[in-house]
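Everything on this sheet refers to the single structure shown next.
The values are calculated or read from the model by the stated rules, or taken from the named source; none is laboratory data. All figures in this text were calculated on a predicted structure; none of them were measured in a lab. Neighbour counts run over all protein chains shown; Cβ positions are idealised from the backbone, glycine included.
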Ligand code: HEC
Ligand code: HEC
Ligand code: HEC
């Protein structure tokens with residue numbers, strides 16, 4: 001009897017090991033998030049700790065938008081323009097991706113993966129300011 005129980009336990013353990021292995025051997029694709037151009041400051045990579053940013057950036061942005069639009073408060077820390085300027089990097093040929101046309105864009109790298117839809121870039125540009133100042137064409141993203 002006892003040997004049967006031990007065998008069953010071993011079987012379960014083996015099954016678990018197999019499941020864990022198949023997950024960790026890369027069968028679940030992870031998003032490739034482009035690196036930012038620089039750190040926010042000597043102490044901080046981003047404007048808030050990175051794990052906070054990962055979880056809360058949506059809330060932060062919407063909160064900040066409310067402050068600007070409804071209360072007239074402007075701080076450069078949570079400016080959407082600043083996020084884009086620092087996070088959106090050019091490809092090998094020097095072109096900046098847009099959220100609409102590339103999953104290599106910082107914001108869409110994750111949102112495409114997580115199936116998040118935001119309408120922000122119907123109005124806001126998803127390309128950095130330097131792109132417009134150094135090179136007047138092509139016409140900004142739609
Ligand atoms: C001056 C540069 C700078 C600015 C401005 C900035 N960030 Fe970051 N952010 C970073 C760096 C550096 C990291 C760490 C990861 C990396 O090196 O790309 C990071 C990490 C993140 C992450 C986590 C990414 C990951 O790899 O999991 C998110 C999300 C994020 N930032 C969103 C924002 C948003 C939204 C804004 C604007 C409100 C913003 N950031 C402004 C530099 C910046
Ligand atoms: C590390 C992955 C990641 C990156 C990079 C990222 N996002 Fe997100 N974003 C998410 C996830 C996941 C959600 C949904 C969960 C949540 O609301 O926190 C989300 C939600 C949001 C929301 C809230 C949507 C809603 O309707 O509540 C906004 C706004 C947003 N992201 C803006 C941005 C912008 C702008 C950028 C680029 C500057 C960006 N995100 C980059 C993963 C990411
Ligand atoms: C219908 C057009 C429209 C849409 C959609 C929109 N915005 Fe805005 N947003 C504006 C305008 C106009 C301003 C004011 C610009 C200014 O005065 O600098 C603004 C200002 C802001 C600001 C403060 C100024 C800045 O650059 O940081 C933030 C943050 C912001 N929006 C975030 C968002 C986010 C996040 C979304 C998506 C969830 C979004 N917006 C969707 C039009 C829009």
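Hey, could you check region 63-94 for residues that are at pLDDT below 90 and surrounded by 13 or more Cβ atoms within 10 Å (Cβ to Cβ) and say which is nearest to residue 120 (Cα to Cα)?
65
For region 82-99, which positions are out of contact with any helix residue (DSSP H, G or I) (no Cβ under 7 Å at 6 or more places or on another chain) and away from ligand 1 (no atom under 11 Å from the Cβ)?
Selection gives 90, 91, 92, 93, 94, 95, 97, 98.
Of these, 94, 72, which one is without any contact (Cβ under 8 Å) to a residue 24 or more places away in the chain, away from ligand 3 (no atom under 15 Å from the Cβ) and farther than 25 Å from residue 29 by Cβ?
That would be 94, the only listed residue that is without any contact (Cβ under 8 Å) to a residue 24 or more places away in the chain, away from ligand 3 (no atom under 15 Å from the Cβ) and farther than 25 Å from residue 29 by Cβ.
What single numbered condition from (1) surrounded by 11 or more Cβ atoms within 10 Å (Cβ to Cβ); (2) in a helix (DSSP H, G or I); (3) modelled with pLDDT of 95 or more fails to hold for residue 51?
Checking residue 51 against (1) surrounded by 11 or more Cβ atoms within 10 Å (Cβ to Cβ); (2) in a helix (DSSP H, G or I); (3) modelled with pLDDT of 95 or more, the one that fails is (1).
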